[in-house]
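The values are calculated or read from the model by the stated rules, or taken from the named source; none is laboratory data. What you see is a predicted model; the values in this text were computed from it and never measured. Cβ atoms come from the backbone with ideal geometry, glycine included; neighbour counts cover every protein chain shown.
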């Protein structure tokens, strides 16, 4: 089904757009933090030097720490909002697109329904590599707050200038945006594969025999163990295996090294339609038309 390959490309473009937006959010947060840092230097420095001793007076350090936490909480709240909205779109678009492709190719009415919000939310919030999405974001946020706290404290103890301190802060932000976009890529891919799989499993439940094929992108960055899975085709309910780690689709293994930054994807094929009646007109339905006519509440 060529439509599913195109779906993967479309979702990658959406994810790239979100990654660019995440970079913009970090740039704004960095600007806010450096503005606050400069103001702090302006208020309390002596001959261009700001010391820990000076900042430890009158609760200044506690106030600085509170402001740091506030900036990072606002940043991660925006990331979480944008990412959850994006993942909702990825799941629904992918589920419906796969359902449309299966009905079009099989020419069988399979009773796809409009997705309930709680079903989509559950799929997005499912654990991956031991943590839920929100837990991953919270962990990353707490990690970067701790890093900022440490470099600020160390800089104050050394008597660093604003220029030196701001460079260290920028390096922390640049490192963290890479981690944030790694979550965006991994989660977008996981939700895409989960939606395609669930849509194919629905077809299977209606008597369509479905197979799924592992596809790697075929470049030097692909893990050797993932390259070994390329073109492996199994039944839709089956598991792919890497050692003793199993998964129904890419980005769904339990071990981080088999999941994070994975770019592999599944395509699906119809192996049989059982005793279902075929309807030739389904073959010519466009996606938008199919959604209006075929989805039930």
Q | Criterion (closer than 19 Å to residue 187 by Cα, part of a helix (DSSP H, G or I) and without any contact (Cβ under 8 Å) to a residue 60 or more places away in the chain) met by exactly one of 77, 39, 62, 28 | A | 77
Q: Report whether or not residue 87 is within 20 Å of residue 135 (Cα to Cα) and surrounded by 14 or more Cβ atoms within 10 Å (Cβ to Cβ).
A: yes
Q) Which members of region 44-59 meet the condition of being part of a helix (DSSP H, G or I) and touching a helix residue (DSSP H, G or I) at 6+ places or on another chain (Cβ under 9 Å)? A) 44, 52, 53, 54, 55, 57
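Matching residues to (1) free of Cβ contacts under 8 Å to residues at least 60 places away in the same chain; (2) within 23 Å of residue 10 (Cα to Cα):
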{"residue": "189", "(1), (2)": "no, yes"}
{"residue": "194", "(1), (2)": "no, yes"}
{"residue": "197", "(1), (2)": "no, yes"}
{"residue": "225", "(1), (2)": "yes, no"}
{"residue": "228", "(1), (2)": "yes, no"}
{"residue": "232", "(1), (2)": "yes, no"}
{"residue": "256", "(1), (2)": "no, no"}
{"residue": "290", "(1), (2)": "no, yes"}
Q: From 104, 123, 94, grab the single residue that is outside any loop (DSSP other than H, G, I, E, B), modelled with pLDDT under 95 and within 30 Å of residue 273 (Cα to Cα).
A: 123
(Q) If the requirement is being more than 24 Å from residue 65 (Cβ to Cβ) and either in contact with a helix residue (DSSP H, G or I) (Cβ under 6 Å, 6 or more places away or on another chain) or surrounded by 14 or more Cβ atoms within 10 Å (Cβ to Cβ) (or both), which of these qualifies: 147, 179, 206? (A) 206
Q: Just name the residue that is farthest from the chain's Cα centre (by Cα) out of those in region 121-137 that are surrounded by fewer than 15 Cβ atoms within 10 Å (Cβ to Cβ) and in contact (Cβ under 8 Å) with a residue 40 or more places away in the chain.
A: 130
**Q.** Criterion: buried (at least 16 other Cβ atoms within 10 Å of the Cβ), touching a helix residue (DSSP H, G or I) at 6+ places or on another chain (Cβ under 9 Å) and over 20 Å from residue 143 (Cβ atoms) - qualifying residue of 101, 29
**A.** 101
**Q.** Index of the failed condition, residue 214 passing every other in (1) at negative phi; (2) assigned to a loop (DSSP other than H, G, I, E, B); (3) surrounded by 13 or more Cβ atoms within 10 Å (Cβ to Cβ)
**A.** (2)
**Q.** Selection from region 50-84 of residues that are over 26 Å from residue 176 (Cβ atoms) and surrounded by 15 or more Cβ atoms within 10 Å (Cβ to Cβ)
**A.** 51, 54
Q: Could you tell me which of the residues 249, 195, 203 is in a helix (DSSP H, G or I) and touching a strand residue (DSSP E or B) at 6+ places or on another chain (Cβ under 7 Å)?
A: 203
Q. Before we move on, is residue 118 surrounded by fewer than 22 Cβ atoms within 10 Å (Cβ to Cβ), in a helix (DSSP H, G or I), touching a residue at least 12 places away in the same chain (Cβ under 8 Å) and out of contact with any strand residue (DSSP E or B) (no Cβ under 6 Å at 6 or more places or on another chain)?
A. no
**Q.** Some residue of region 185-201 being surrounded by fewer than 17 Cβ atoms within 10 Å (Cβ to Cβ) and more than 20 Å from residue 257 (Cβ to Cβ)
**A.** yes
